[in-house]
Amino acid sequence: MSLRGEGAAASIIMVAAVARNGVIGRDGDLPWRIPSDLKHFKALTLGRTVVMGRRTWEELGKPLPRRRNLVVTSRTIEGVETVPSLPAALAAARGPVALIGGHAIYAEGMDHADEIHLTRVDGAPNGDTVFPAIDPARFRRVATVPGERGPRDEYGFQFETYVRLS
Ligand SMILES: NC(=O)c1ccc[n+]([C@@H]2O[C@H](COP(=O)([O-])OP(=O)(O)OC[C@H]3O[C@@H](n4cnc5c(N)ncnc54)[C@H](OP(=O)(O)O)[C@@H]3O)[C@@H](O)[C@H]2O)c1
């Protein structure tokens, strides 16, 4: 069953930065500072409806500009649209969607995403939140592109693209 919004060209992507040990978060924040990857994130998500869990929303603190922001939560939150579940978010979205974390959104998103865009962070920092395993029977890696590490990037990184097989 398709849960996508109207528009045949709608696509659902997941976007995440993941360390070698699977870590994506620590104490409600990113465990690294990689400004070059934030630029990459912006380019991938601009114009899409971004769907995130409540803790990721709290980390951002304000809506991402030039994107419709949907927060999955059981709470009522001032200043942003909220939905009670990921399927409700996908049903509410019109056009292309980006699932931007955290853990449960990514785990449930594996059933819905057409593509996964991972930034592989070349480090293994301590953390409390991890990216779920990507099932090779469901997604194939189709591209690996070295990232250009800038002077303010704490780690090196590469960009990986996975597409859905089934
Ligand atoms: N490296 C990356 O790319 C990346 C990306 C995003 C986040 N992060 C990091 O990850 C951490 C936050 O992620 P997290 O996994 O702890 O939290 P999260 O997914 O951002 O938020 C969890 C909350 O979202 C709601 N929620 C999430 N999935 C749901 C679902 N399927 N159905 C219903 N409600 C759902 C619930 O809210 P209620 O409790 O309000 O009901 C849940 O308590 C932070 O450290 C952040 O910096 C990293």
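Our summary gives the range 92-166 a relative contact order of 36 percent, counting only alpha carbon pairs under 8 angstrom and 6 or more residues apart.
The percentage of C-alpha pairs in the range 46-97 whose separation is greater than 18 Å is 21%. For the chain, the relative contact order comes to 33 percent (Cα pairs under 8 Å, sequence separation of at least 6). Between Glu58 and Val142, the contour length at 0.36 nm per residue exceeds the alpha carbon distance by 26.9 nm. Take the range 35-166 with all the other protein chains still there, run a 1.4 Å probe, and you get 53 Å² of accessible area per residue. Taking only protein heavy atoms and a 1.4 Å probe, the accessible area of the chain is 50% carbon and sulfur.
For the range 12-164, a crude dipole built from +1 on the beta carbon of Lys and Arg and -1 on the beta carbon of Asp and Glu, taken about the Cα centre, is about 380 debye to the nearest 20.
What the Cβ-Cβ distance of Asp122 and Lys39 gives, at R0 = 25 Å and to the nearest 0.05, is a FRET efficiency of 0.90.
Largest mean-square fluctuation among His112, His40, His103, in a Gaussian network model of the chain whose springs join Cα atoms under 10 Å apart, belongs to His40.
Placing R0 at 41 angstrom, the Cβ-Cβ distance between Glu78 and Val130 gives a FRET efficiency of 0.85 after rounding to 0.05. Its DSSP H runs of at least 4 residues, each contributing -39,500 (n - 2.57), put the calculated 222 nm mean residue ellipticity of the chain at -5000 deg cm²/dmol, to the nearest 500.
Count the DSSP beta bridges whose two residues both fall in the range 12-164, then state the antiparallel fraction as a percent rounded to the nearest 5.
Numbers: 17 of 38 bridges.
Percentage antiparallel, nearest 5: 45.
The values are calculated or read from the model by the stated rules, or taken from the named source; none is laboratory data. Just so we're clear, the structure is a prediction, and the values are computed from it rather than from any experiment. Neighbour counts run over all protein chains shown; Cβ positions are idealised from the backbone, glycine included. For accessibility, only protein heavy atoms count, side chains too; no ligands or nucleic acids. Shrake-Rupley method; radii C 1.70, N 1.55, O 1.52, S 1.80 Å.
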